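> Structure incoming, see below.
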Amino acid sequence: MLESLMARLGEMWTVMLAGAVIGLLFGFFAHRARFCLRSAVIEFSRGTQEGKLTVWLFTFSTAVLLTQAFIQFGVLDVSGARQLAARGSLSGAVVGGALFGTGMILARGCSSRLLVLAAQGNLRALLSGLVFAVTAQAALSGLLSPLRTTIAGWWTVEGGAARDLLALTGAGHLGGLLFGAVWLVAALVWARRQRVRFWGWFGAIGVGVMVACAWLLTWAMSRQAFDLIVPVQSLSFTGPAADTLMLVLSPPGQPLKFDLGLVPGVAVGSFLSALLGRELKLEGFQGGQAMRRYIVGAVLMGFGGMLAGGCAVGAGVSGAAVFTLTSWVTLSAMWGAAMLTDRLLDQPKEAAQPVPAMSPHGDPELSASYARP
């Protein structure tokens, strides 16, 4: 069926359409679940039990379990993926992950969350997302590229087994499958205790399924394509955000690829979810100080995500699902820096004044009139 679709639509259009479909479903599920690494980190750091960490864990464990099951049963091969085959940077993972984690707290959401919020009318998220994309492009091939290259070169690791945690530990793909299964069971137990709503756990599982399906779909298309080199990849938002920005700014006729369908697809899926949930509403900044905070956070995320080779989804879920060493280092650095930033900046402020009611979108700057019980 995939071969027939490629012959009918063309390989480039098929690849981009696949990215759009995966992105649409990801955006819909992510919006419904309120999937957000920042919220999960804050809940873990403050020791509360609101179900946000459980939602993130559902996505993480589902992505790991399903991806490793595909590999274990021989229907997926990720050995040629950039995250495993190419030379990686541990210094980039540490520094970039820390910068991304700090920026995630300042901007009140990671790159994927900003895209989801922007689609429902949050202008703060829209501006932050644009700054994020510009910074990511500058770090990739612009003004910030020399700095990124220098930091990335401090400590590198060869591709292949040296970047594969399952090979380094001897656990194998069966061990990875069992690891995902254990954490999925833990998420189920915690969801029951915390009474996580249906769309919380179901939508989070849907996000994890999209990560695994993206791996499977791009691998299948790479085997079917004859005239086009299709990279084996999953979901990420640092590189795709920069690519989408350049597509808009470049002359017509640029080559199409998976990433260029992913970002618009996520926006459409999030918009549809917000429309069905009657959550579409324009929201802006409430002061210059808040605006500076969002912009600084977006810059840190854009540079950090490009330096680390992935964002909270690209490294924290997609890369972690195939047990890439650098992805796990990046995820750990994100958690550590985000927790430290929250404790130093936000917790003292919230302890000194009443905490604003949380909106259904997880953004404390929204009016309390939009809070749900």
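The values are calculated or read from the model by the stated rules, or taken from the named source; none is laboratory data. None of these values were measured; they are calculated from a predicted model. Note that each Cβ is placed from the backbone with ideal geometry, even for glycine, and that neighbours are counted across all protein chains shown. Heads up: the accessible areas ignore ligands, DNA and RNA and are worked out on the full protein's heavy atoms, side chains in. Shrake-Rupley method; radii C 1.70, N 1.55, O 1.52, S 1.80 Å.
> Can you grab the distance from the C-alpha centre of region 117-146 to the C-alpha centre of region 199-218, Å, no decimals?
Between the Cα centres of region 117-146 and region 199-218 lies a distance of 24 Å.
> With angles folded into 0 to 90 degrees, how steeply does helix 258-276 sit against the dominant principal axis of the chain? Use alpha carbons for both and round to 10.
Here the helix axis deviates by roughly 40 degrees.
> Relative to the present Cα-Cα distance, how much length would full extension add between Val248 and Glu3 at 0.36 nm per residue of separation?
On the way: separation 245, 0.36 × 245 = 88.20 nm, distance 2.95 nm.
Roughly 85.2 nm would be gained on extension.
> From the P(r) of region 240-285, can you give the percent of Cα pairs sitting at distances over 14 Å?
Here the long-distance tail beyond 14 Å is 60 percent of all Cα pairs in region 240-285.
> Tell me, what is the per residue accessible area of region 105-236 in Å², probe radius 1.4 Å?
47
> How much mean residue ellipticity at 222 nm does the chain get from its helices, if each DSSP H run of length 4 or more adds -39500 (n - 2.57) and you divide by all residues, to the nearest 500 deg cm²/dmol? Could you put the intermediate results ahead of the total?
Working: 17 runs with 249 residues, N = 373.
Value at 222 nm, helices only: -21500 deg cm²/dmol.
> Ok, one more. Calculate one ³J(HN,Hα) per residue across region 170-177 by plugging θ = phi - 60° into the Karplus curve 6.51 cos²θ - 1.76 cosθ + 1.60, and present them in order as whole Hz with x for glycine and proline.
Once θ is set to phi - 60°, the couplings for region 170-177 become x, 6, x, 5, 5, x, x, 5 Hz.
> Where in region 140-156 does the amide nitrogen come within less than 17 Å of the point 7 Å from the Cα of Ala86, taken along Cα to Cβ?
In region 140-156, the label zone of Ala86 (backbone N under 17 Å from the point 7 Å along Cα→Cβ) covers 140-142, 145-156.
> In addition: Could you work out how far apart the two model spin labels at Val182 and Arg195 are, taking each label as a point 7 Å from the Cα in the direction of the beta carbon, and quote it in nm?
With each label point 7 Å from Cα toward Cβ, the separation is 3.1 nm.
> Using a 1.4 Å probe over the heavy atoms of the protein chains, calculate the carbon and sulfur portion of the accessible area of region 133-199 as a whole percent.
Whole-percent figure for carbon plus sulfur exposure: 69.
> A follow-up question, please. What accessible area per residue, rounded to a whole number of Å², is obtained for region 24-69 using a probe radius of 1.4 Å?
Dividing the accessible area of region 24-69 by its residue count gives 28 Å².
> Further question: On a 0 to 90° scale, report how tilted helix 11-33 is relative to the longest principal axis of the chain, with both axes built from alpha carbons and the result rounded to the nearest 10.
30
> Continuing with this model, one more query. Quote the FRET efficiency, to the nearest 0.05, computed for Thr169 versus Leu282 with a Förster distance R0 of 56 Å and r equal to the Cβ-Cβ distance.
Efficiency for this residue pair is about 0.70.
> Something else: Can you list the HN-Hα couplings for region 329-336, worked out from phi with the Karplus curve (6.51, -1.76, 1.60; θ = phi - 60°), rounded to whole Hz and with x for Gly and Pro?
5, 4, 4, 5, 5, 4, 4, x
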